[in-house]
1. Check off (1) modelled with pLDDT under 85; (2) outside any helix (DSSP H, G or I); (3) touching a helix residue (DSSP H, G or I) at 6+ places or on another chain (Cβ under 6 Å) for residue 273 and give me the number that stays unchecked.
2. Is it the case that region 229-241 has a residue that's open to solvent by 10 Å² or more (accessible area, probe 1.4 Å), part of a loop (DSSP other than H, G, I, E, B), among the aromatic types (Phe, Trp, Tyr) and touching a helix residue (DSSP H, G or I) at 6+ places or on another chain (Cβ under 8 Å)?
3. With 147, 178 as the choices, which residue is exposed (fewer than 15 other Cβ atoms within 10 Å of the Cβ) and modelled with pLDDT of 85 or more?
4. Does residue 253 satisfy the condition of being within 20 Å of residue 207 (Cα to Cα), assigned to a helix (DSSP H, G or I) and either open to solvent by 40 Å² or more (accessible area, probe 1.4 Å) or at pLDDT below 80 (or both)?
5. Which ones in region 42-85 are of a type in the set (Phe, Trp, Tyr) and assigned to a helix (DSSP H, G or I)?
Amino acid sequence: MSKLGNIGARLYRGEVGYDFIGKRKIWYGISILITITAIVGLAVRGLNMGIEFSGGAVFTTPETSVSASQAQHHAESASGGHQAVVQKLGNGTLRIQISELDTKEALPVQEELAKDLNVPVQDVNTQLVGPSWGEEIANKAWLGLGIFMVLVVIYLAIAFEWRMALAALIALIHDLTITVGVYALVGFEVTPGTVIGLLTILGYSLYDTVVVFDSLKEASRGVTKQSRYTYGEIANRSINSTLVRSINTTVVALLPVAGLLFVGGGFLGAGMLNDISLALFVGLAAGAYSSIFIATPLVADFKEREPQMKALARRVRAKRSAAAAKADPGAGEAEGAVQEGEEPQDGAPAAAGSSAAGPRSRPADRSRGRGRPSGKRR
C-alpha cells in the first residue's frame, strides 16, 4: 500500500487525525478575512463586465503583424476613448472588443481600424452586441442561481436536516463571494463563460460537502445513546475519514483546470479560456476548503447548541473524569471529585463524583486502623 493510502486508511479507522472542529475558530477567522478582502476588492475595483453584458462591438481582423498592445492603442484612439480589449488569436488574427459602442459609431471605427492595421476594410468582421441582451443574460443567470440555491436547501433539509442545509448554503455563498472577489482583484473579464464556471463550481462544492455530511450522518446515528464521544468529536472523525478522498478529488479536478488557466490562457495566449478556467480554479479550491473547514464545523456548532447534545457532552466529560480518577486516584481527587455536600458542576451526576472518591477513602481508613497500635490490649 502506498504511503498516502496508508495514511488514508489510518484516518478512516480513527487511528490518526487532525482536530478540525476544535480549531474551527481559526478557520472561521481565515474565511472572514478572505471574504472581507474579496468584498473590498469588489467594492473598490468592481467587475470588468464583458461586452456581452455591457454592450458594444467585436471586430475580428485578418492575419496581421500588429501586436495586441498596438492594436489596443489604435482601437481606443479610433473609438474616441472607449475601453478596448484585444486578444491575439492563434492564427495571427486579432479579436478587438470595444464596449459601449452603438451601431452608428461602429462603421467609422471599423474603417479607422482597417486603416491603422493596414488591412482591407471588408476583411474586418464586425459584430454588434446590444446592452439589453447582456442585461437579459444577467437576469437569467441570477434567476438560475436563486433556483439552484432553493433546490439545494430543500434537498439537503429532506436528505439530512435543516442544520446541514443551512451550513451548506453558507459554504456555497462563501465560495461564490471569494470567486467573484478574485475576479474583481485580478481584473479578468466577466463573460457568459464566467457564469457557467460559477454554476459549475457550486455543483462541485455541494458534492464535496454532501460526501462529508453523509459520513457524518452515518457516524452520528444514535449518538445520544452512547457516552464515549461528543457530537463535535464524531464530526471531526467524519472529516478525517473523508479527508484523503476530498484531497484526491480536488487535485484531480484542479489539474486540467490549471492546464486551461496557466497553459492555455497564459502560454498559448488563448485568452477566452480565462473566462471559465479562473472561475473553475478558484471555485474548486474554495469549495474543497469550505466543505472541510466551514460546512462541517458549522453543523457541529449548530448541533452542540441542542440540549440533548449538551447533556451528551456532560456525560462524556463525567465518564472520562471517572476513568482518569480510577487510573490515577491522586490526580482524580485533585482535579474534580465531587466533595461531600458540594453540588455537581455542569449537571454532572453526583454519583459519578462520589463513586470516584468514596471507595478510595474507606480502604485508607482501614489500613490506618490496622497499622495503629491499640491503646489497651487484653
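1. In the conditions (1) modelled with pLDDT under 85; (2) outside any helix (DSSP H, G or I); (3) touching a helix residue (DSSP H, G or I) at 6+ places or on another chain (Cβ under 6 Å), residue 273 misses (2) alone.
2. yes
3. Selected residue: 147, the only one of 147, 178 that is exposed (fewer than 15 other Cβ atoms within 10 Å of the Cβ) and modelled with pLDDT of 85 or more.
4. No; evaluated as a whole, the condition is false for this residue.
5. Within region 42-85, 53 is the sole residue that qualifies.
Residues are listed down the side, and each one gets a yes or a no for (1) modelled with pLDDT of 90 or more; (2) among the β-branched types (Val, Ile, Thr); (3) under 30 Å from residue 188 (Cβ atoms):
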site: 291; (1), (2), (3): no, no, yes
site: 300; (1), (2), (3): yes, no, no
site: 314; (1), (2), (3): yes, no, no
site: 329; (1), (2), (3): no, no, no
site: 352; (1), (2), (3): no, no, no
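To keep it simple, each residue is scored yes or no on (1) in the same structural domain as residue 240 (by TED's automatic domain parsing); (2) within 16 Å of the chain's Cα centre (by Cα); (3) not acidic (Asp, Glu).
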| position | (1), (2), (3) |
| --- | --- |
| 116 | no, no, no |
| 124 | no, no, yes |
| 157 | yes, no, yes |
| 163 | yes, no, yes |
| 166 | yes, yes, yes |
| 187 | yes, no, yes |
| 196 | yes, no, yes |
| 199 | yes, yes, yes |
| 211 | yes, yes, yes |
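Let's see how each residue does on (1) free of Cβ contacts under 8 Å to residues at least 40 places away in the same chain; (2) part of a helix (DSSP H, G or I); (3) within 29 Å of the chain's Cα centre (by Cα):
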residue: 284; (1), (2), (3): no, yes, yes
residue: 288; (1), (2), (3): no, yes, yes
residue: 302; (1), (2), (3): no, yes, yes
residue: 308; (1), (2), (3): no, yes, no
residue: 314; (1), (2), (3): yes, yes, no
residue: 317; (1), (2), (3): yes, yes, no
residue: 321; (1), (2), (3): yes, yes, no
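The values are calculated or read from the model by the stated rules, or taken from the named source; none is laboratory data. These numbers come from a predicted model, not from an experiment. Don't worry about glycine lacking a Cβ; one is built from the backbone with ideal geometry, like all the others, and counts go over all protein chains shown. Note: accessible area is taken over every heavy atom of the protein model, side chains too, but ligands, DNA and RNA are not part of it. Shrake-Rupley method; radii C 1.70, N 1.55, O 1.52, S 1.80 Å.
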